[in-house]
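Written below as structure tokens is the structure these notes are about.
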Amino acid sequence: AFVAALLITALLQPAVAWLRRRGVPRGPATALTAILGFVIMGLIGWFVTWQVMENIDNLSDQVQDGIDELRNWLLNSPFHVTDKQINEIAKNLRDAVGANTDQITSAGLEGVTVVVEALTGILLAAFSTLFLLYDGKRIWQWTLKLVPAAARPGVAGAGPRAWRTLTAYVRGTVVVALIDAIFIGLGIYFLDVPMAVPLAVFIFLFAFIPLVGAVVSGALAVVVALVTQGMFAAVMTLVVVLAVQQIEGHILQPFILGRAVRVHPLAVVLSVAAGGMVAGIGGAVVAVPLVAVTNT
């Protein structure tokens with residue numbers, strides 16, 4: 001939660017600095033920036049939920065139609081799949097769900113604990129962000145006192161450089177994620193894929209997990225296109241996703257993020273994997289900026 005607060009602070013701190021330069025006192029500048037930032041994040045979450053709830057009935061009907069089309073395609077395909085085999089697969093899936101009802105129920109009960117932990121983490125991140133925005137310089141100066149005197153000058157010089165790296169990473173990632181979401185979202189919208197707007201928001205959010213997030217969000221868009229619009233729409237969605245990701249990898253990231261936050265692809269994969277193993281999705285999100293800052 002504290003590392004998430006650092007990332008949010010890196011994103012919002014320039015706004016506080018801008019307001020301070022315009023003569024706004026530190027307290028109101030911090031409060032205004034934090035409130036506006038958290039309201040925007042909350043609105044994004046509400047918008048995604050609203051869009052999903054608005055389209056869920058229509059999507060379920062289209063998914064059922066897509067499954068029927070897939071069934072007919074399999075029956076008429078050169079793979080010699082029979083109706084009996086398809087029914088057998090469906091029966092096995094139902095049996096698997098029935099056999100694991102206890103595990104599913106316990107997972108639902110554990111979900112309550114996860115929600116409580118998530119809310120606690122959100123509150124801690126929001127609380128930390130407020131104080132980092134308001135008193136970041138004094139917190140850093142206090143932290144320096146924990147360092148042995150002989151090493152203090154080196155750490156005092158490395159800290160601001162590391163912070164600039166983090167700020168550049170967060171800003172650059174937001175810009176790249178926004179470009180990904182807009183262009184892939186427009187592509188799937190013109191292909192008549194349902195829930196194009198929520199999918200675009202998911203693509204934006206998943207872009208904060210380097211490499212892995214792009215694959216997962218792109219695959220989700222392709223699957224939705226396949227089960228609702230058929231094979232042609234799925235292939236065209238895949239083409240759009242791959243084209244945007246190639247532009248991102250070869251042009252946008254090097255140009256926007258620059259050399260300051262460049263991390264070797266192997267280091268990215270290993271850090272995302274390690275972060276995911278240690279702390280789940282949150283760990284995967286914060287792993288690469290931590291590696292970039294440590295490298296600086």
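The values are calculated or read from the model by the stated rules, or taken from the named source; none is laboratory data. Keep in mind it's a predicted model, so treat the numbers as computed, not measured. Methodologically, a virtual Cβ is constructed for each residue, glycine included, from the backbone with ideal geometry; neighbour enumeration extends over all protein chains shown. Please note that ligands, DNA and RNA were not included when accessible areas were found on the heavy atoms of the full protein model with its side chains. Shrake-Rupley method; radii C 1.70, N 1.55, O 1.52, S 1.80 Å.
Each residue in region 157-204 was checked for being open to solvent by 40 Å² or more (accessible area, probe 1.4 Å) and assigned to a helix (DSSP H, G or I), and 16 of them qualify. Among the residues making up region 9-36, those that are outside any helix (DSSP H, G or I) and not hydrophobic (A, V, I, L, M, F, W, C) are ARG22, GLY23, PRO25.
Within region 245-268, identify whether any single residue is modelled with pLDDT of 85 or more, under 26 Å from ALA5 (Cα atoms) and in a helix (DSSP H, G or I), and answer yes or no. Within region 245-268 (the criterion being modelled with pLDDT of 85 or more, under 26 Å from ALA5 (Cα atoms) and in a helix (DSSP H, G or I)), the answer is no, since none of the residues qualifies. Considering region 272-290, the residues that are in contact (Cβ under 8 Å) with a residue 24 or more places away in the chain and open to solvent by 50 Å² or more (accessible area, probe 1.4 Å) include one that is nearest to ALA158 (Cα to Cα), namely LEU290.
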